[in-house]
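What follows is a single structure, written as structure tokens, with notes after it.
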Amino acid sequence: MEKFLRIYLNDQLALGVLWREMARRARRENSGTELGNALAHVSEGIAEDVDTFRTMMHRLGVRANPIKTGLAISAERVGRMKPNGQMRGYTPLSRFTELEFLTMGIEGKKQLWTTLRDLAGLDRRLPDIDFDELIERAERQRGELDPFRVRAGADALAVPVGRAPR
């Protein structure tokens, strides 16, 4: 089972790195706004979570797979090239898509901490790691971003006045 735990931890580390990079990019794109301030706070928390996760892996004797984390960083950069409604620049759809993806990542992270605590039994192997606090932090991050996600979704996806939906 340790083999599967190692694989799982490395997969989750790669996802954490992907979300960390996306949060940092979203923060830069929204700098100087209320959303930018929220993203600064959330991106710092995500970076701390990745550091906590790396520390946990180290203490468990699990080496990080640099190929997986490198692929995650590459995937985030390639994702920047996806169509967003115009040839260049940041659009309302870009903002909404990033916030939607970040929200999914935060929910996944919450599930990760619960899985490691309850199913992998890491709360017994790493008693100084406060899994409950990590779960609560994910809930706070979700709560901080969700109003912006909803607003961005309405801005990007609302049907213009005078046009009927198909």
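None of the figures in this text is laboratory data; all of them are computed from the coordinates on show. Note that the structure is predicted; figures quoted are calculated from it, not measured. Note that each Cβ is placed from the backbone with ideal geometry, even for glycine, and that neighbours are counted across all protein chains shown.
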Inset, instruction - Quick one: order Met104, Met22, Met56 by neighbouring beta-carbon count within 10 Å, fewest to most. - result: Met104, Met56, Met22
Inset, instruction - May I ask for the Kirkwood hydrodynamic radius of the chain, worked out over all distinct Cα pairs and given in angstroms to one decimal? - result: 17.1 Å
